[in-house]
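> Below: one structure in structure tokens.
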Amino acid sequence: MEIRVTAAGPGTERLWRDALGEGRLTLPFCEACGRAHFFPRVLCPHCGANAIVLRPASGRGTVHSTTTVRRRAEEGGDYNVALIDFAEGPRMMARVDGVAPAAVAIGMAVEAAIVTEDEAPLVVFRPVAEGA
Amino acid sequence: MVNPRLRGTAAIVGVGHGGIGAAPGRTAFDIVGDATHAALADCGLKLSDIDGVFAATMVNSMPAVNVVEYLGLRPRVTEGTNTGGSSFLAHLQWAALALDAGLCEVALITYGSNQKTGAGKFVSTSEIVPFEAPYKPRYPVSAYALAAARHMHEFGTTREHLAEVAVAARTWANLNPEACARGPLSIGDVLASRMVSDPLTVRDCCLVTDGAGAVIMTRADRARDFPKPPAYLLGVAAENWHRWVSSMPDLTTTAASRSGPRAMAMAGVGHADLDLVMLYDAFTITPIMFLEDLGFCPKGEGGRFVADGRLRHGGGFALNTNGGGLSCVHPGMYGLFLLIEAVRQLRGECGARQLDRPKLALCHGNGGHWSSQVTAILGTGETL
Ligand SMILES: [Zn+2]
């Protein structure tokens, strides 16, 4: 199902967050040049057209880079911050869960999940099982 | 496109520092006042001669306007564009344009921060980043760590290569009485220090200090009338591709790859002509990537380029002779201090760390998360 961004209604970011709140991870695509982008915008950063639609994202991605942010154990311990390249092309900052922060590696195949954190939906990624 | 029209039309005639290291009990504007006083004394001008003010900070919404008020000025040009730590190199370009157009006669470019001793009161104006903040990256170090990790993955750069940049900076700082971090530092020390955001340890990160700087600039036709040799602005170029690291087009190539060649073309200089290179070293990875992007070595070779110790004092490649943001001073936005060291080297005022009669210096400023890149070329009178 596509969500069309119109000139009069809410902007792309709001529509993207609303879809995420309903459990659907989408990506903004440009109908003029066909390319996806992230973060969501009302005009295509590749070609400038304002014909943007949100389409369901595959959720498949690859770790482009990763860092372990060090934090004292009593404050919650170390955690991962990563940049993930979606199979559709765009990149987003996220976190890889389900594996120790230092075990997250560049090139790792990951899959998106939507969790609730600080009372808001949040996209995180988990490693794709070998052979999956 | 290169516009050589402004080449050599303006010159830095006065420089000054204030509150370097720690300025307990002094506000950020107090040390801007100290630095401005020192820069005016350096060139023999009066406060009332300043009719162009260029300033940026991370804590004021109208920093240049605050500076005008504090100093009691009535300038005809007030310019406060904030592109992060590169702001003051960008201000060189706007000051040169304003001077050339006759909009002002004496330009002050200044910055100050008391982020160390004023800790707790330091509130950045930087906004919450909606698509990054929920993942709690530690700013700014995680943005640089993500690029460092990618550089290591793509090109085989090692933590030892990164550490070499910190060790080299320390060898210069040890010759600079103003440098805040002096004493022995080995590659082993850097590797064994506390990890902050992998692969960067606390010794891969710049200092957190107080400090202010001020630069006085006039048109070149007046510059010979001042007591000290002028440093002419021969080239300056800026380029900007993104704001936050998740939108950085390529984690291992910055817009310095465009600003650098344009600034050098405007100045009409090649790499072999440069006697001093001042690169914004917020983290040890930044000079490595800027050496590549500015064309001192091929893309990906930055780590191996620095590995032989050439950046150390006496190593043959004069980089960051003040000790850099890593070992000299880093009050949040460091770009202005690159210029002040370059001017002092070109004048021959640097004591134990003085280079042998340098004529040309390249200064490169970085702002945001590898975002705003500004390159400037300064030269002595004989390079005009
Ligand atoms: Zn498009």
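The values are calculated or read from the model by the stated rules, or taken from the named source; none is laboratory data. These figures come from a predicted structure and were not determined experimentally. Every residue, glycine as well, gets a Cβ built from its backbone with ideal geometry; the counts of neighbours run over all protein chains shown. When the accessible area is computed, the model is the full protein with side chains, heavy atoms only, and any ligands, DNA or RNA have been set aside. Shrake-Rupley method; radii C 1.70, N 1.55, O 1.52, S 1.80 Å.
> Out of all the residues in the range A:76-92, is one or more over 30 Å from B:R194 (Cα atoms), in the same structural domain as A:T116 (by the TED database) and of a type in the set (F, W, Y)?
Checked against the condition, which is being over 30 Å from B:R194 (Cα atoms), in the same structural domain as A:T116 (by the TED database) and of a type in the set (F, W, Y), the range A:76-92 yields at least one hit.
> Then there is this: For the range A:63-82, check the following and say yes or no: at least one residue is at pLDDT 95 or above, under 10 Å from the mean Cα position of the chain (by Cα) and either surrounded by fewer than 17 Cβ atoms within 10 Å (Cβ to Cβ) or within 12 Å of another protein chain (Cβ to nearest Cβ) (or both).
Within the range A:63-82, none of the residues are at pLDDT 95 or above, under 10 Å from the mean Cα position of the chain (by Cα) and either surrounded by fewer than 17 Cβ atoms within 10 Å (Cβ to Cβ) or within 12 Å of another protein chain (Cβ to nearest Cβ) (or both).
> For the range A:5-23, give me each residue that is touching a helix residue (DSSP H, G or I) at 6+ places or on another chain (Cβ under 9 Å) and within 16 Å of the ligand (Cβ to nearest atom).
Listed by number, the list holds a single entry, A:V5.
> OK, next. It is to be established whether one or more residues within the range B:79-91 are more than 24 Å from B:G325 (Cα to Cα), surrounded by fewer than 24 Cβ atoms within 10 Å (Cβ to Cβ), outside the structural domain of B:G332 (by the TED database) and touching a Phe, Trp or Tyr at 6+ places or on another chain (Cβ under 6 Å). Give the derivation first.
First pass over the range B:79-91, keeping only residues more than 24 Å from B:G325 (Cα to Cα): B:79.
Pick out the ones that are also surrounded by fewer than 24 Cβ atoms within 10 Å (Cβ to Cβ) and you get B:79.
Imposing the further condition that a residue be outside the structural domain of B:G332 (by the TED database) reduces the set to B:79.
So of that shortlist, the ones also touching a Phe, Trp or Tyr at 6+ places or on another chain (Cβ under 6 Å) come out as B:79.
Yes, the range B:79-91 contains at least one residue that is more than 24 Å from B:G325 (Cα to Cα), surrounded by fewer than 24 Cβ atoms within 10 Å (Cβ to Cβ), outside the structural domain of B:G332 (by the TED database) and touching a Phe, Trp or Tyr at 6+ places or on another chain (Cβ under 6 Å).
> For the range A:93-124, which positions are under 13 Å from the mean Cα position of the chain (by Cα) and either open to solvent by less than 50 Å² (accessible area, probe 1.4 Å) or in the same structural domain as A:H37 (by the TED database) (or both)?
Matches in the range A:93-124: A:M93, A:A94, A:R95, A:V96, A:V110, A:A112, A:A113, A:V115, A:L122, A:V123, A:V124.
> Suppose we filter B:K359, B:K299 for residues that are open to solvent by 10 Å² or more (accessible area, probe 1.4 Å) and more than 24 Å from B:A179 (Cα to Cα); which single one remains?
When all the criteria are applied, what remains is B:K299.
> Identify all residues within the range A:24-82 that are away from the ligand (no atom under 16 Å from the Cβ) and among the basic types (K, R); write none if there are none.
Of everything in the range A:24-82, those that are away from the ligand (no atom under 16 Å from the Cβ) and among the basic types (K, R) turn out to be A:R24, A:R60, A:R70, A:R71, A:R72.
> A further question follows. Being in contact with a Ser or Thr (Cβ under 7 Å, 6 or more places away or on another chain), within 14 Å of another protein chain (Cβ to nearest Cβ) and of a type outside the set (A, V, I, L, M, F, W, C) is the filter here, so list the residues in the range B:146-200 that pass it.
Within the range B:146-200, B:R150, B:H151, B:E154, B:S193, B:R194, B:S197, B:D198 meet the criteria.
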